[in-house]
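Only one structure is covered here, and it is reproduced in the block below.
The values are calculated or read from the model by the stated rules, or taken from the named source; none is laboratory data. It should be emphasised that the depicted structure is a prediction, and the values quoted were computed from it without experimental measurement. Cβ coordinates were reconstructed from backbone atoms using ideal geometry, including for glycine residues, and neighbour counts include every protein chain displayed.
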Amino acid sequence: MAESLETVKSFVRADNTATITCPSCKMPKSVSVASYKNKSHFLKVRCPCGRAFRVHLDFRQFYRKTTDLSGLYKCIKPPGGGGGNMTVVDISQGGAGIRVTGMHTLEVGYVLSISFTLDDKKNTPLTKEVIVQSIQGSIIGCRFADNQLYEKELGFYLQG
């Protein structure tokens with residue numbers, strides 16, 4: 001029977017390098033992963049300590065934090081495109097993944113306004129303009145509109 005290998009995640013930096021850390025001995029190694037960018041993002045590696053494990057290379061531009069933040073969305077473009085309750089399921093400096101409740105008629109390219117409250121010490125309310133990038137059932141992948149990219153409170157939230 002094939003052994004089940006532990007999988008560790010490694011974020012890829014802008015220069016296409018990643019630091020892979022062995023889950024056993026904690027020894028880090030920085031490697032170039034440019035050749036994997038348009039291929040498999042899962043690698044099987046063996047550390048000098050003898051431990052074999054899998055590495056998931058995350059080529060995202062920004063770190064994505066898993067969340068469970070309730071809020072509301074409203075379609076801005078096209079006008080009258082609907083809206084309703086939503087949950088922010090993950091968020092980064094560049095965008096958010098939201099889960100909408102009920103039926104929706106959203107399409108890639110729609111512009112939405114999303115409002116939610118961070119679960120930080122200040123319960124910071126945020127309203128962001130986003131552009132729909134992907135739709136998988138009730139999960140909507142969005143990127144922040146260019147004029148909405150940096151927000152100090154969101155930056156602090158993502159570091160915590």
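Overview of results
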item	result
Tally, over the stretch 74-128, of residues that are assigned to a loop (DSSP other than H, G, I, E, B), within 17 Å of the chain's Cα centre (by Cα) and within 19 Å of Asp146 (Cα to Cα)	3
Any hit, the stretch 33-47, residues being loosely packed, with under 13 Cβ neighbours inside 10 Å and of a type in the set (Phe, Trp, Tyr)	yes
Any pair with Cβ under 8 angstrom, 6 or more apart, that starts in the stretch 36-50 at a residue that is closer than 23 Å to Ser24 by Cβ and ends at one that is among the hydroxyl-bearing types (Ser, Thr, Tyr) and assigned to a loop (DSSP other than H, G, I, E, B)	Cys47/Ser24; Cys49/Ser24
Residue that is closer than 27 Å to Cys142 by Cβ and among the polar types (S, T, N, Q), where the choices are Ser30, Ser35, Ser70	Ser70
Condition met for Val55 (under 17 Å from Ser10 (Cβ atoms), in a strand (DSSP E or B), of a type in the set (Val, Ile, Thr) and over 18 Å from the mean Cα position of the chain (by Cα))	no
Members of the stretch 98-145 found to be of a type in the set (Ser, Thr, Tyr), at pLDDT 95 or above and touching a Lys or Arg at 6+ places or on another chain (Cβ under 6 Å), listed by number	Ser113
Where Thr17 falls short, out of the listed (1) loosely packed, with under 15 Cβ neighbours inside 10 Å; (2) in the same structural domain as Gln136 (by TED's automatic domain parsing); (3) β-branched (Val, Ile, Thr)	(2)
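Matching residues to (1) in the same structural domain as Cys142 (by TED's automatic domain parsing); (2) out of contact with any Gly (no Cβ under 9 Å at 6 or more places or on another chain); (3) over 12 Å from Gly141 (Cβ atoms):
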residue: Ile98; (1), (2), (3): yes, no, no
residue: Leu106; (1), (2), (3): yes, no, no
residue: Ser115; (1), (2), (3): yes, no, yes
residue: Thr124; (1), (2), (3): yes, yes, yes
